[in-house]
Amino acid sequence: MLKRGENTSRKRPGAPDDADLDAYSIAQFCARHGLSIQSFYKFKALGLMPKTFRVGTRVLISREAAKRWRSACEAREKTTAGSDAAA
């Protein structure tokens, strides 16, 4: 029986922190950006998510694509905020 508060999940020795990864899985990307996986695929269908690539059966997002996506989101927000202020 596990004791209350006992951590049973252990990081593998040498496993990279999410910040050190060169590519993120969809789940890792969503967790880092506060999105649900369902929302990711919904917005991806609208062309509002970063480019993905496949390695075998895995779908990944490069660190650079994630950075470009964040920059594009910020630019859209500035444009939207600017047009709202002008109205």
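Quick notes on this one:
- Förster radius 35 Å - calculated FRET efficiency between K51 and R4 (Cβ-Cβ, nearest 0.05): 0.20
- For the pair R63 and A27 in one chain, pulling the backbone fully straight at 0.36 nm per residue adds 11.6 nm over the alpha carbon distance.
- The packing ranking, built from the mean of other Cβ atoms within 10 Å per residue, places the peptides 36-48, 55-67 in the order 55-67, 36-48, highest first.
- Three-way shape call for region 21-79 based on the alpha-carbon gyration tensor, with the a/c threshold at 1.5: prolate
- Pairs of Cα atoms nearer than 8 Å and 6+ residues apart set the relative contact order; for region 21-79 it is 37 percent.
Taken together, the values in this text are just the output of simple stated rules run on the coordinates, not laboratory data. Since the model is a prediction, treat every value here as computed from it, not as a measurement. FYI the Cβ positions are ideal-geometry reconstructions off the backbone, even for glycines, and counts take in every protein chain you see.
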